[in-house]
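Trainee: One structure follows; several queries about it will come next.
The numbers here are math on the coordinates, done by the rules we state, and not lab data. The structure displayed is predicted, hence computed values, not measured ones. Cβ placement follows ideal geometry from the backbone for every residue including glycine, while neighbour counts extend to all protein chains displayed.
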Amino acid sequence: MNDAKGLNKVLAVLGAFALLGLSGCGQEAVIETDSSIQATTEQTSGSVNEEGAEEHLDYEDQDEWVFESGEMQSPINIETGAAEAMATDGSLTLDYAEEIIDVIDNGHSIEIEDGGQAIIAGRSFELAQFHLHSPSEHTVDGESFPIELHFVHKAQDGRLAVIAVFFKEGTENAAFQAILDDVEANEESTVASGLSLNVAELLPANKSYYHYLGSLTTPPLTENVEWYVLANPVEVSAEQIAAFNEYYDGNNREVQPLGERSVLKYEE
C-alpha cells in the first residue's frame, strides 16, 4: 500500500469514529446519525472503493454486500394469515408535493426527489425521495409483484419510515408514464426537468398496510427502519413494466428471515 492510500484509510477510520460519536439509539426506529444521512436516499448512490470511485450495487452477488449486524433485515415475506390486527390507531395521511425536484437514473434505480409529509399514527415524517425496484422486494404469501415503489421519509428526531407500494399489471398509469418519459428525455442532461407529477396516482385509494420493523434494503442495511407496506397494489400497464425493466430488472434484495418479529395489519 502506498503512502497516499494509507493516509486515506487512516482518515476514513477517524471519520467513521467521529460519526459514531454523534450517533444515538433508542426505542422503535431511532437511526444512527451517519446511517440516517445516507438512508434518506436509501443508499441509492452505491458504495465507494479505496480509490474513491463509485461502485454500483451488484444484485447478482448480494452475499458480498456490507452488512452491519442484526436479525431485523428487510425485505420479508408477509404472511397475511399470520399478521396481527393493529390495536392502536395507525391512520396514514400522505401529502406529497406535485412539483418534483428531480428524476434521476442513479445507476441502480430510478429515484424521484420530492418533498411533502406523511402523518403515520399521529407522527410526522418528511418525504426525502421515492424510488423503484423490479421485481418487488417484499413478497405477500410467497408471491412477488412486477414493481415495488419505496417512499423514504425521515422524522425530525432521525427516525426513518418507508412506505412501500406494489405495482401490478393492469391499466396504464399516467404518473408512472410521466416518470418514464422524464428519464428518457433527460438521459443526457444534468439539469432538473421541473416535472409536475400527481403523486396520488402512484398510491392506492385504500391505504391499509402491513407494518413491521426492518432495515434498509441496500448497504449498510441499517436496522430499526419502520416499514409500512400498503396492502393494495396500484395498476401499471404491461408496456410500462417492460419500459421500466429496460432500465432495471433485478434490482431487488432477496427476502430475509422474519425471525421473532411481528407483522401488524392496519385496516383503513
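Trainee: Read phi for every residue in region 109-120 and hand back ³J(HN,Hα) as whole Hz from Karplus 6.51 cos²θ - 1.76 cosθ + 1.60, θ = phi - 60°, with x for Gly and Pro.
Mentor: 6, 9, 10, 10, 7, 9, x, x, 9, 10, 9, 10
Trainee: Work out how much length E84 to Q156 would gain on full extension: take 0.36 nm times their residue separation and subtract the Cα-Cα distance, in nm to one decimal.
Mentor: Value of the extension gain: 23.0 nm.
Trainee: Which cross-chain or sequence-distant (5 or more) residues have an amide H under 5 Å from the amide H of D102, H modelled 1.01 Å from N in plane?
Mentor: Residues meeting the criterion, in which the H sits 1.01 Å from N, are E113.
Trainee: When the Karplus curve 6.51 cos²θ - 1.76 cosθ + 1.60 is applied with θ = phi - 60°, which whole-Hz ³J(HN,Hα) does each residue of region 139-144 get, with x for Gly and Pro?
Mentor: Values, residue by residue: 10, 10, 6, x, 9, 9 Hz.
Trainee: Name the long-range amide H neighbours of G116: under 5 Å, sequence gap of 5 or more, or other chain; modelled H, no Pro or chain starts.
Mentor: Placed amide hydrogens put A97, L127 under 5 Å from G116.
Trainee: Also: Taking the Cβ of V199 as the centre, find all other residues whose Cβ is under 9 Å away and add up their charges (Lys, Arg: +1; Asp, Glu: -1).
Mentor: -3
Trainee: Next up: So for the pair E126, E267, with labels modelled 7 Å out along Cα→Cβ, what separation do we get in nm?
Mentor: 3.7
Trainee: Another one. Report the GluC sites (Glu not before Pro) located in region 145-177 that are in a DSSP loop and have at most 14 other Cβ atoms inside 10 Å of their Cβ, or state none.
Mentor: Those that pass, being in a loop and sparsely packed, are E172.
Trainee: OK, next. For region 117-268, just list the percent of Cα-Cα distances falling in each 10 Å bin from zero outward, please.
Mentor: All Cα pairs considered, the percentages come to 10, 39, 37, 13, 1.
Trainee: Separate question: Using the crude model of +1 on Lys and Arg Cβ and -1 on Asp and Glu Cβ, and no other charge, please compute the dipole size for region 146-268 relative to its Cα centre, in debye to 20.
Mentor: With Lys and Arg at +1 and Asp and Glu at -1, about 660 debye.
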